[in-house]
Amino acid sequence: MSIELQSPESHKRRKVAFCFIAGLVSFFSLTVCLFHAIDVYSHERVPQLRPLSRVANLPHNSTLDPSHTDQRLIIVGDVHGMYNELLRLMDEVKYNKELDTIVFLGDMITKGYDSVGIVDFAIENNAFCVRGNHEDEIMSIYASYHNLDMPKTYPPFASASRMTAGTPVSVSMEPTEGPRVPPKNGLPNGNYDRDLPLVKQLERRHIDYLASCPAILDLGKISKRGIEAVAVHGGLLWDELDLEKQDVYDVIRLRSIVPPDYSSGSEIPDDGIPWFGKWNDEQMKRKKENRFEVFYGHDASKGLQMHRYCKGLDTRCQRGGKLSAYVVTVTHAAHYHEELIQIDC
Ligand SMILES: [Mn+2]
């Protein structure tokens, strides 16, 4: 048995090494703490999301003015992040930023490959929008990720507001209520795992743009028939004349109306009957001044729908369908031309 004696030099070297390692560990811990602190405090600095506005009007300078020729409204169905396809559609309609106003019918984002690109395009081109269920879900996930209050998505009542370039102003609201359907994991029907990578890519200007999209956008009297037109993502319930009193949850998600009286909605495509058939029939029974033509998306299972009082433009681009635009042009004083333009995806 032998005992190895340490020289005073090797003892000192060990002390130095120990101090060095201890210092490294402390430095590492401090860095980790610092990153946590930055994470927490940067989240706390993010302002709350703007609550959903129920009804907004397209501002006068963006609504077709019957005295100005060549102005156009380009109403675009569900894009779902299909950026190159959107650019191809804009080429096909010969989009002119000076004369044309674009309206997106919701579900601009998720599923496709470049949702951020779509929102950037919308911002750069002062496009208008309505909120789709996918924008709604992204709001919730964004709020959850940034420790914000859950967006007050379903206000029971809000007065009409005006929008300027995608931003509604002077929105007044009564106190709000939560989602009508119990949220899964605190989120209304969102797919957290699928959508979190997109949420992380969104900068504040993107989420502010999406938050500015109202549930219902009143487009004004844009047809030669002099009928008021509105844009929504899902649909409208035929038995409620007042747009302000339409149920916002339905407006964003409606696909069907259910028996016995067909006055309540469902998200399931073939639950009862399609909302738009009943809507179309009921408009004929209304006085002309109470009729609405509805442009909507959301129901790819029914595909393109061209009825007198409702036009469905979700043609499932993200699954190899088409991307659709309904283009309304003032051809000469108080004359309108309407045309469906599609591209293959
Ligand atoms: Mn949808």
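On a C-alpha basis, how far is the centre of the range 255-328 from the centre of the range 189-228 in Å? Whole number, if you could?
Comparing the Cα centres of the range 255-328 and the range 189-228, I get a distance of 18 Å.
Can you list residues whose amide H is under 5 Å from V103's amide H, if they're 5+ apart or on another chain and H is modeled 1.01 Å from N?
Under 5 Å from the amide H of V103: I74, I75, V76, F128.
Set the Förster distance to 51 Å, then compute FRET efficiency between I21 and R88 from the Cβ-Cβ distance, nearest 0.05. Write out the running numbers ahead of the final one.
Working: r = 60 Å, r/R0 = 1.17.
Efficiency for this residue pair is about 0.30.
Starting from the Cα-Cα distance between N96 and Y192, subtract it from 0.36 nm times their residue separation and give me the gain in nm to one decimal. Numbers along the way, then the final one.
Numbers: separation 96, 0.36 × 96 = 34.56 nm, distance 3.74 nm.
Additional length available on full extension: 30.8 nm.
Within 12 Å, Cβ to Cβ, of L241, how many net charges do the neighbouring residues add up to if Lys/Arg are +1 and Asp/Glu are -1? Intermediate values should be presented prior to the final figure.
On the way: positive: K245, K285, R286, K287, R291; negative: E228, D239, E240, D242, E244, E282, E289.
Taking every Cβ under 12 Å from that of L241, the sum is -2.
Under the 0.36 nm per residue contour assumption, what length would be gained going from the current alpha-carbon distance of R319 and N126 to full extension?
Numbers: separation 193, 0.36 × 193 = 69.48 nm, distance 2.74 nm.
Extending this stretch completely gives an extra 66.7 nm.
Can you run phi through the Karplus equation (6.51, -1.76, 1.60; θ = phi - 60°) for the range 270-277 and list ³J(HN,Hα) in whole Hz, with x for Gly and Pro?
10, 8, x, 10, x, 4, 6, x
My understanding is that a pair violates if its Cα-Cα distance is over 21 Å; which of K97/K322; K224/K278; K221/K285; K224/K285; K278/K322; K97/K224 do that in this structure?
With Cα atoms farther than 21 Å apart: K97/K322; K224/K278; K278/K322; K97/K224.
Give me the net charge for the shell around V116: Cβ to Cβ below 14 angstrom, other residues only, Lys and Arg +1, Asp and Glu -1.
So the environment of V116 carries a net charge of -3.
Considering Cα pairs under 8 angstrom that are at least six residues apart, work out the relative contact order of the range 50-344 and quote it in whole percent.
Over the range 50-344, the number comes to 25 percent.
No value in this document is a laboratory result; all are computed from the given coordinates. The structure presented is a predicted model; accordingly, all values stated were derived computationally and were not measured. Ideal geometry is used to build each Cβ from the backbone, glycine not excepted, and the neighbour counts take in all protein chains shown.
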